[in-house]
Amino acid sequence: AAQVYILHLITKQVHTFLVLEVMAKKKKETPLSDQIMIFFCCFSGLLCLVCCVPKVPYRYAESYSGFHQRFAMQRSYSLYGATDYLGSVVSWMSLRSNTCKAMKEMNSQNPLLAGIGQLAGSSVGTGGAALGCGMWQICKEDIAARCNHYTTIMAVGLTSIVFHIIGAVALFMVPMMVNSEKEFTGKSKKKKKKLVEAVTLTMQTVAAGFVFPMLSYAMYMLSTDAMFHALSRRAAYPYGYASVGAIVNGVVVGFSLIALLIAWRRWSTTGQESSDEEGSEEESGDMAAAPMPEAMAPPGMGPPGM
């Protein structure tokens, strides 16, 4: 009987140890919501880098045969640059440099020759168009407008690429930050405070991964839309519609927004749990320190006369 009793105690202790181990492993496992947030962050970070590839077009324009061979091929516009009439990618910096250089050359012509050209154009009735762009005021104004717009798009494109890289770095940091939060699990006030700070920092990182790609998308799409509308009012310039890059960037914004909502939920619940526990501890401390009512005082501990 003693051996059976000892065996029973050993079995009970082993069972208790295994149960505690299983519970500890369950506590260490990452919750499903955190796993979804990490997946969306990593996937969005990867798509941010895809958006920076020069071959990924944000906009495309159909071929336009109404202006000779200038727009005979479909053109695409990315954060890095645009395709020319041969289909090769030209950076916004090169487009801006060549256009602004041509504008300066036309504006620095001999005034006497320009006056003669204007006079000859008015006599023929072409307004200077037959004598070349340098003698045609409308063409010179169009080149000046393109120089200004290409300069703006160049700055916006470079800024958008930098914003995408910042967003990708922030999103790729989220899994490591979530993993580091496990070091602050405990019942001490110091660990609870550090856990709240870590969860807050994680939420701010996810917010950065959402805000920067969103700003990149908004800046580039609005700037190029303004450029297409402005240039098409002056000359033949086909409008560029949204393409693969804009769709990918939209997916990044959507997924990172879902991750941000999950991170905000984690932050709000973590702070609430810590505050509720601190409040319950304070209430228990106040109850312990409160004086015992006279009616409940044991004999000999009440005021004189009891």
Worksheet item: Which residues, taken from segment 135-160, are surrounded by 18 or more Cβ atoms within 10 Å (Cβ to Cβ) and modelled with pLDDT of 90 or more?
Response: C147, H149, Y150, I153, M154, V156, G157, S160
Discussion item. Condition check: under 23 Å from Y85 (Cβ atoms), touching a Leu at 6+ places or on another chain (Cβ under 8 Å) and buried (at least 16 other Cβ atoms within 10 Å of the Cβ). Does G240 satisfy that?
Written reply: no
Worksheet item: What are the pairs, 6+ residues apart or on separate chains, where a residue within segment 240-264 that is farther than 19 Å from P57 by Cα and of a type in the set (S, T, N, Q) has its Cβ under 9 Å from a residue that is open to solvent by 50 Å² or more (accessible area, probe 1.4 Å) and in a helix (DSSP H, G or I)?
Response: S256/V211; S256/M214
Worksheet item: Going by the structure shown, is V199 touching a residue at least 40 places away in the same chain (Cβ under 8 Å), closer than 22 Å to L260 by Cβ and aliphatic (A, V, I, L, M)?
Response: yes
Worksheet, complete the sentence: Okay, helices (runs of 4 or more DSSP H) sitting entirely in segment 1-113 with 1 or more residues that are over 30 Å from K140 (Cβ atoms) and at pLDDT 90 or above, I get 32-51
Worksheet item: Do we have K193 as outside any helix (DSSP H, G or I) and out of contact with any helix residue (DSSP H, G or I) (no Cβ under 7 Å at 6 or more places or on another chain) here?
Response: no
Worksheet entry | Unique residue being touching a strand residue (DSSP E or B) at 6+ places or on another chain (Cβ under 9 Å) and of a type in the set (A, V, I, L, M) when the list is I153, I161, I165 | I153
Fill in: Test set (1) at pLDDT below 80; (2) hydroxyl-bearing (S, T, Y); (3) open to solvent by 30 Å² or more (accessible area, probe 1.4 Å) - S274 fails condition number
(3)
Worksheet, complete the sentence: Subset of segment 178-192, residues surrounded by 12 or more Cβ atoms within 10 Å (Cβ to Cβ), closer than 29 Å to F40 by Cβ and modelled with pLDDT of 80 or more, comes to V178, N179, S180, E181, K182, K191, K192
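The values are calculated or read from the model by the stated rules, or taken from the named source; none is laboratory data. Fair warning: this is a prediction, and the values are worked out from it, not measured in the lab. Note: ideal-geometry Cβ built from the backbone for every residue, glycine included; neighbour counts use all protein chains shown. Accessible surface is based on the protein model in full, side chains and every heavy atom, while ligands, DNA and RNA are left aside. Shrake-Rupley method; radii C 1.70, N 1.55, O 1.52, S 1.80 Å.
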